[in-house]
1. Let me check I have the definition right: for the stretch B:164-294, take the eigenvalues of the Cα gyration tensor, multiply each by 5, take square roots. What are those semi-axes in whole Å, largest first?
2. For chain B, take the convex hull of the Cα atoms, compute a quarter of its surface area, and give me that in nm², please.
3. In sequence order, what are the phi-derived ³J(HN,Hα) couplings for the stretch B:141-155 according to the Karplus relation 6.51 cos²θ - 1.76 cosθ + 1.60 with θ = phi - 60°, rounded to whole Hz, with x for glycine and proline?
4. With contacts defined as alpha carbon pairs under 8 Å and 6 or more residues apart, what's the relative contact order of the stretch A:164-294 in percent?
5. How many nanometers, to one decimal and shortest first, lie between the label point of residue A:215 and those of its other copies, if labels sit 7 Å from Cα toward Cβ?
6. Excluding same-chain residues fewer than 8 positions from residue B:5, which lysines have a Cα within less than 24 Å of its Cα?
7. Can you give me the Rg/Rh ratio for the protein assembly as shown, using Cα atoms for both radii and the Kirkwood formula for Rh?
8. Share of Cα-Cα pairs in the stretch B:4-47 beyond 16 Å, in percent?
There are 2 protein chains.
Amino acid sequence: MPAIKDVAQRAGVSVATVSRVLNDHPAVRTDTRDKVLAAVADLGYRPNAVARSLRTHQTRALGLVISDVLNPFFTELARSVEDAARDRGYSVVIGNADERPDLQDHHVRTLVDRRIDGLLVSPTDGGSPLMLDAARTGTPMVFVDRWIEGEGLDEVPVVRTDGGAAVRDLVAHLHALGHRRLAIIAGPAATTTGRERVDAFRSALREFGLALPADHIGQGDFQADSGRRVTARFLDLPHPPEAIFAADNLMALGAMDEIRSRGLRVPDDVALAAFDDIPWFVHTDPPITAIAQPTGDLGHAAVGALIDRIEGRPAASVTLSARLVPRRSCGEPEGSTP
Amino acid sequence: MPAIKDVAQRAGVSVATVSRVLNDHPAVRTDTRDKVLAAVADLGYRPNAVARSLRTHQTRALGLVISDVLNPFFTELARSVEDAARDRGYSVVIGNADERPDLQDHHVRTLVDRRIDGLLVSPTDGGSPLMLDAARTGTPMVFVDRWIEGEGLDEVPVVRTDGGAAVRDLVAHLHALGHRRLAIIAGPAATTTGRERVDAFRSALREFGLALPADHIGQGDFQADSGRRVTARFLDLPHPPEAIFAADNLMALGAMDEIRSRGLRVPDDVALAAFDDIPWFVHTDPPITAIAQPTGDLGHAAVGALIDRIEGRPAASVTLSARLVPRRSCGEPEGSTP
DNA sequence: CCTCCTCGTGGAATCGATTACATCGATGAC
DNA sequence: GTCATCGATGTAATCGATTCCACGAGGAGG
């Protein structure tokens, strides 16, 4: 693979001149520029990004650490992040934490070692010392979707969606359809989204004069299996809930599995709703009522905030809002008999 | 961020010694090793991977260019590739081509500029000059799932699944259920998987004495929308097909959309099957019969082959086989009335 | 006691770019 | 005619590691 000095040699100029042409510095005579360009083309020269990064102290790469690639919400997020980054001339390196703190740490470390210009994180757990370190030692950082608190992290912008209103809409929807005993499959308490969704659900219930007994809160981990287990416990209750709200799409899937394996039907026997909407929910039996996040906007906003930080501009947190997408999994659609 | 010379200074040794400790070279006295390690810990020093890469000519990073991140098959592939790579001490940089040749080129270029040690590609189109170049200029390369032919590419191993037998099983399954007019939603002719699946389908049909008229082959592009369009054309035929086979999961989804929007039912009015199995197919209405690829094995084998190439060992192509997973979308399961 | 080898360590070149500074010829002002 | 200025280019330092080579100390062998 040819290096800059090969180009220089072939064009009969110095490496400095070649570099100037490549970075289109104004002070280069047109004919020497042409000579250099010709040499570049002849050799099929491509500048070595590694060497360039070493010298300039920037890689034009962003790190994105997500909790689970197999979750369609995160893959959509990853996709929009990549799109936005590419538009701004950055690449994205994705790390999949698989909801495991140790893997999350592994990726943060690797990315920082590779000197990515900035880090986008959707943290899996409470807070690892490593991430605190990264934030403190100056790696520009932005949280997406989930975030963590901790000293030194006040400066880190958070780009997220507030599902409060949508959750309230969902509870209203369920209430209108006659459901009174509602249960929730929560995400890990260590995650903000895990806690927030339960809180939103609880306060919405209160608004409608409904209680949320302890045995109607099941602890999940955002994976399908846990949705299954929690649902099994719900259904074994003497008075099983009439409606189940899963805090993410994977757990909703697990819940559906369990319900179906018992020969019960959605929504006739149990209503089901999920946080996070995905294309497949339209095609399940029945189509699942969900709370949709503006995933694309989330990704774009996150990249925007991160690049602002990287380029030294002040970056602000962003909160978007989710909306309810009613389908048939909670009961007949509006306009028909309940 | 401290550099190696800061560590050297603090430990009172030279940078050479620090480097030796870091790469655990045997010739270092135990007490100086301890001094260095202490300095490393004190400063929170982490070696700069960029500088190291420049010097050693290796990044310990693999590039993976896939056709579409939103397709669950590819995200599962990406995940297994990352797992396998991590086990071997490599990172993975993913590029999403979104089924667009220009984006594919963009990613190949970026990855090669970044001097990744090897490239895993599932090519979107026929063959771009850029990829040929990359292959020829010595970047170790392996094709996964799809591949392209061309001079200079004979050396590139292909890790794929052969769906032939499974497609034959599917046709047998459809035939046994009484379906005779079968149609296929094909993938782009520029991709090998696009062509192969049609060929396998056609020869399986021939085996059963069935024809595949031109109007029963619809040209799709592996995206949901095209599945919808092609299905619409099928259903507008004077004698619409009794069964539709989609060459990937996204097009199956589109087909289902279209069928349902016309008030028709699967499988009563039209049977439906798909290449690529995904978790959601269990939950659709009805569950969709699919041909499952051993995605995890695919990813592992691909990484194995690529690392073999990188480390100078001979690498062989690998062909795994797919299997039919019958569900309800083609008709009642075995054992009941047809 | 001298030589030779080994061991531990440091000095310095190197990877491939960017860029501050120096150089040099030409131009223009006075 | 002289000098300052400017434009185009080259020289060399630099980024942060790795690694070849040299060197001195100490031990073994003669």
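1. Semi-axes, largest first: 18, 17, 15 Å.
2. 21.3 nm²
3. Here the 3J(HN,Hα) series is 9, 9, 8, 10, 6, 10, 8, 10, 9, x, 5, x, 10, 5, 6 Hz.
4. This gives 23 percent for the stretch A:164-294.
5. Once sorted, the set of distances for residue A:215 reads 6.3 nm.
6. B:35
7. Dividing the radius of gyration by the Kirkwood radius yields 1.01.
8. In whole percent, the long-distance tail amounts to 18.
Values in this text are rule-based calculations from the coordinates and carry no lab data. Being a predicted model, the structure only gives us computed values, none of them experimental. Counting neighbours? That spans all protein chains shown, and the Cβs are built from the backbone with ideal geometry, glycine included.
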